[in-house]
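Peer 1: Starting off with a structure, shown below.
The values are calculated or read from the model by the stated rules, or taken from the named source; none is laboratory data. Here the structure is a predicted model, which means the values were calculated and not measured. Backbone-built Cβ (ideal geometry, glycine too); neighbour counts: all protein chains shown.
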Amino acid sequence: MNTPEHSQLGKAATYVDQYTPDLLYPLSRSTQRQTIGVGDKPLFVGADLWTAYELSWLNARGKPQVALGRFTVPSESTHLVESKSLKLYLNSFNNTVFADIDAVRQTLQKDLSEAVWRGGVVKSSVGVQLMSPEQYAKEKIAEMDGLSLDRLDLDCSHYQPAPELLSAASNEAPVTETLYSNLLKSNCLVTGQPDWGSVSISYSGPQIDQAGLLHYIVSFRNHNEFHEQCVERIFMDIWTRCKPLKLSVYARYTRRGGLDINPWRTSHPQTPPPNVRTARQ
């Protein structure tokens, strides 16, 4: 089984510029999920919304082509793709000839779908959208909706996940609200390099103590875990401690190596949030 320690993270890598799908390095989701109490049937559904800003290939006449790529990886897939391996895989397109942009899209969808269901039946494909330069002007920048937790003036002292900071007013009338913070920071599981992000919590149920929630978000500051795992940990801690009726957690992390990863987890099926980047991304 692939492990994070044996990936290309933190290691010198050979630049491969010819199409090489074997560069993709899937990691089982179940290993880390077991540590936060997620069994074979998670309490959530959702997706990991990736944006690839550095995607290029050659057309039939050898002329370079570029595009912006968006990948939607279903959270029910058995594996996630380690981000550096995805960068190396995308680089392998650089001097590879493709008939047209649709051939690139089909290749990406086939390879990524196989990777996230490695060793099993592909139950749901990875969504792939490619945006050509003629469409770049339509790209939007937007910040997260809701009430900012960062307005709160408080002292912070916890820098490892502390779910005991979470609480909710279970004896009061339920509410429906969306809260967000730009103060999310965690570190790469392997390299320890910082990952910066914003996180949105939408819920219905007992009102969550906002100061405690912000303290909790800040507590990830020195925590080493992949983006997807951080969001699932946040979801499970809020679900367990605050007992909402409905819950969605959505994080947008700043890009690294031409990629950003934006995990979204929800307790109830709904349309995924639009993959619109924030100013920091």
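Peer 1: Mind listing whichever residues of segment 66-87 are surrounded by 17 or more Cβ atoms within 10 Å (Cβ to Cβ), assigned to a strand (DSSP E or B) and not hydrophobic (A, V, I, L, M, F, W, C)?
Peer 2: Gly69, Thr72, Pro74, His79
Peer 1: Suppose the filter is within 17 Å of the chain's Cα centre (by Cα) and among the small types (Gly, Ala, Ser); does Ser181 pass it?
Peer 2: On the way: within 17 Å of the chain's Cα centre (by Cα): yes; among the small types (Gly, Ala, Ser): yes.
Answer is yes for this residue.
Peer 1: For Leu179, indicate whether it is crowded, with 19+ Cβ neighbours inside 10 Å and either closer than 20 Å to Pro274 by Cβ or touching a Pro at 6+ places or on another chain (Cβ under 8 Å) (or both). Please lay out each step first, then the result.
Peer 2: Numbers: crowded, with 19+ Cβ neighbours inside 10 Å: yes; either closer than 20 Å to Pro274 by Cβ or touching a Pro at 6+ places or on another chain (Cβ under 8 Å) (or both): yes.
Against the criterion (crowded, with 19+ Cβ neighbours inside 10 Å and either closer than 20 Å to Pro274 by Cβ or touching a Pro at 6+ places or on another chain (Cβ under 8 Å) (or both)), Leu179 qualifies.
Peer 1: Here is a follow-up. Any idea which of Ala52, Ala13 is over 25 Å from Asp100 (Cβ atoms), outside the structural domain of Leu247 (by TED's automatic domain parsing) and touching a residue at least 40 places away in the same chain (Cβ under 8 Å)? So that I can check it myself, show each step before the final result.
Peer 2: Values: Ala52 fails: over 25 Å from Asp100 (Cβ atoms).
When all the criteria are applied, what remains is Ala13.
Peer 1: Next up: Exactly one of these conditions fails for Arg280: (1) modelled with pLDDT of 95 or more; (2) under 13 Å from the mean Cα position of the chain (by Cα); (3) not assigned by TED's automatic domain parsing to the domain that holds Pro161. Give me its number.
Peer 2: It fails just one condition, (2).
Peer 1: Filtering segment 118-158 down to residues that are of a type in the set (Asp, Glu) and in a loop (DSSP other than H, G, I, E, B), which residue is farthest from Arg277 (Cα to Cα)?
Peer 2: Residues of segment 118-158 of a type in the set (Asp, Glu): 134, 139, 143, 145, 150, 153, 155.
Then keep just the ones that are in a loop (DSSP other than H, G, I, E, B); that gives 139, 143, 145, 153, 155.
Details: Glu139: 9, Glu143: 8, Asp145: 13, Asp153: 27, Asp155: 30 Å.
Only one residue tops the list, namely Asp155.
Peer 1: Of the residues Arg252, Arg265, only one is buried (at least 23 other Cβ atoms within 10 Å of the Cβ), outside the structural domain of Ala168 (by TED's automatic domain parsing) and not aromatic (Phe, Trp, Tyr); which?
Peer 2: Values: Arg252 fails: outside the structural domain of Ala168 (by TED's automatic domain parsing).
One residue alone meets the criteria, Arg265.
Peer 1: If you don't mind, another one. Evaluate segment 101-115: report whether one residue or more is of a type outside the set (Gly, Ala, Ser), closer than 17 Å to Ser28 by Cα, surrounded by 20 or more Cβ atoms within 10 Å (Cβ to Cβ) and in contact with a strand residue (DSSP E or B) (Cβ under 8 Å, 6 or more places away or on another chain).
Peer 2: Yes - at least one qualifying residue is present in segment 101-115.
Peer 1: May I ask you to list the residues in segment 254-274 that are under 13 Å from the mean Cα position of the chain (by Cα) and closer than 27 Å to Lys41 by Cβ?
Peer 2: Correct list: Ile261, Asn262, Pro263, Trp264, Arg265, Pro272, Pro273.
Peer 1: Given the conditions (1) in contact with a strand residue (DSSP E or B) (Cβ under 8 Å, 6 or more places away or on another chain); (2) in contact (Cβ under 8 Å) with a residue 40 or more places away in the chain; (3) surrounded by 22 or more Cβ atoms within 10 Å (Cβ to Cβ); (4) within 21 Å of Ser75 (Cα to Cα), which single one is not true for Ser200?
Peer 2: Condition not satisfied by Ser200: (3).
Peer 1: Another question, then. If I filter segment 251-268 for residues that are assigned to a strand (DSSP E or B), more than 21 Å from Gln129 (Cα to Cα), out of contact with any helix residue (DSSP H, G or I) (no Cβ under 8 Å at 6 or more places or on another chain) and among the basic types (Lys, Arg), do I get at least one hit?
Peer 2: Among the residues of segment 251-268, not one is assigned to a strand (DSSP E or B), more than 21 Å from Gln129 (Cα to Cα), out of contact with any helix residue (DSSP H, G or I) (no Cβ under 8 Å at 6 or more places or on another chain) and among the basic types (Lys, Arg), which makes the answer no.
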